[in-house]
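No lab work stands behind these numbers, since they all come straight from the coordinates. Only a predicted model underlies this, so the values are computations on that prediction, with no experimental measurement involved. For neighbour counting, all protein chains shown are included, and Cβ atoms are generated from backbone atoms with ideal geometry for every residue, glycine included.
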Amino acid sequence: MRGSTRTSLTKIAGRIAEAAGLGNVRFHDLQHTCASLMLSMGVPMEVVSEKLGHSRPSITGDISRHIYQEEHE
């Protein structure tokens, strides 16, 4: 994602989070939450990876590994 687009989305996410009383939320936080929810609902890693724009599913797996650890506990 281009820098200026990410900056705009970050500002928008921040305003929405503030209005909802959630405090400081970054665009990256929203991406991480989206990935966590999709994976916990059984969406295949390859699909989640594609939606997030990761070059490889292994990147998504590395970032979201905690979801699988929590499920096994």
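By definition, a body whose alpha carbon gyration tensor gives a ≥ b ≥ c is prolate when a/c is 1.5 or more and a/b is larger than b/c, and the range 20-70 fits this prolate description.
Applying the Karplus relation 6.51 cos²θ - 1.76 cosθ + 1.60 with θ = phi - 60° to the range 27-38 yields 3J(HN,Hα) values of 4, 4, 4, 5, 4, 5, 5, 4, 4, 4, 5, 4 Hz, where x marks Gly and Pro. Put a dot 7 Å past the Cα of HIS32, heading toward its Cβ, do the same for ALA19, and the two dots end up 2.4 nm apart. Cβ crowding within 10 Å ranks HIS32, HIS54 as HIS32, HIS54, fewest other Cβ atoms first. Per-residue Karplus couplings for the range 10-19, computed as 6.51 cos²θ - 1.76 cosθ + 1.60 with θ equal to phi - 60°, are listed in order as 5, 5, 5, 4, x, 5, 5, 4, 5, 5 Hz, Gly and Pro entered as x.
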